[in-house]
Amino acid sequence: GHYACITAGACEDKALRTLFVRIQVLDVSVVNPLLMSLFEAYHDKALSRDDFISILRTTESYLFRRTVCDAATNSLNQFFSSVIARLATVRDDGGNIREAFEAILLGEEGTARRMPDDAEFERALKTRDCYAFKRRFYLLTTLENSYHTKDPLDFSGGKFSIEHIMPQNALNSPAWRTMLGDDCERVYDELINTLGNLTLTAYNPELSDAPFEVKKAHLKGGFNKDYLMLSQALHHTNVWNEATIRNRAEQLAKRALEVWPCPKL
């Protein structure tokens, strides 16, 4: 029963089901025995619902931060087994399971099992190739839905796709080369697939490789009328260049620190 809740969306509690689904999307199956152990503690009332939700959020943050920072996963199987055993001891001694779990993760600083801190996570988000990133859709949709906590948007139907604001063929366009400036080739190479240049749209073919002002004003999916919070910054700018791309990356990375927080003891 616990396994069905964790892996198949069978949990009746909506908040728990949402977190289980998000953790499963990350596709780190070695965490499932730990989740089952925690679910058992929750079922036996050794763990409150609030603490269980907090632990699941911390687990999601731990797994996603490591994925963004390209931390190796080959040591996690044994690590999670050791966490199960250590938390069982805490439970038997009547200790606080949530605090112990957070302390265990933070205690791995400097090892292959570390939880990347805010500085490492933020730096990776702003600089890595997010378009080639296997969890790019999860990254953008989870960021978007962090603004819609009471009524999250459904991105499961295949309607939305990743949109390059500065298009992938920008260097073939005189208008885009002019907007990007004299150093357009460097700007393109450094920023084309970074977080600051990516958003979500249901109108990818319509926007295509058009100049920025055309993308903004387009009747279908134009950024000026886009209701997604990810694209809000585009409403108020008429220039899309290195400065605005880096500024948007900065804002989204700051938001990510809130969505995937690091516990503090």
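Quick look at the numbers
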item	result
Complete set of residues in region 158-172 that are crowded, with 21+ Cβ neighbours inside 10 Å and either in contact with a strand residue (DSSP E or B) (Cβ under 9 Å, 6 or more places away or on another chain) or more than 15 Å from GLY222 (Cα to Cα) (or both)	PHE160, GLU163, ILE165, ALA170
Restricting region 221-265 to residues that are over 16 Å from the mean Cα position of the chain (by Cα) and polar (S, T, N, Q), the residue that is most open to solvent (accessible area, probe 1.4 Å)	ASN238
Count - residues of region 34-49 that are in contact with a Phe, Trp or Tyr (Cβ under 9 Å, 6 or more places away or on another chain) and either closer than 13 Å to THR59 by Cα or free of Cβ contacts under 8 Å to residues at least 40 places away in the same chain (or both)	8
Residue in region 62-75 that is under 16 Å from PHE101 (Cα atoms) and among the small types (Gly, Ala, Ser) present	no
In region 5-22, the residues that are within 18 Å of the chain's Cα centre (by Cα) and of a type outside the set (A, V, I, L, M, F, W, C)	ARG17, THR18, ARG22
Test: residue in region 185-195 that is under 29 Å from ARG57 (Cα atoms) and out of contact with any Cys (no Cβ under 7 Å at 6 or more places or on another chain)	no
Residues being crowded, with 17+ Cβ neighbours inside 10 Å, among the small types (Gly, Ala, Ser) and modelled with pLDDT of 95 or more - total across region 174-217	1
Cβ pairs under 9 Å, 6+ apart, first in region 219-236 and on the phi > 0 side of the Ramachandran plot, second part of a loop (DSSP other than H, G, I, E, B)	GLY221/ALA202; GLY221/TYR203
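The values are calculated or read from the model by the stated rules, or taken from the named source; none is laboratory data. All values reported here derive from a predicted model rather than from experimental measurement. Backbone-built Cβ (ideal geometry, glycine too); neighbour counts: all protein chains shown. Remember, those area values only see protein heavy atoms, side chains included, never the ligands or the DNA or RNA. Shrake-Rupley method; radii C 1.70, N 1.55, O 1.52, S 1.80 Å.
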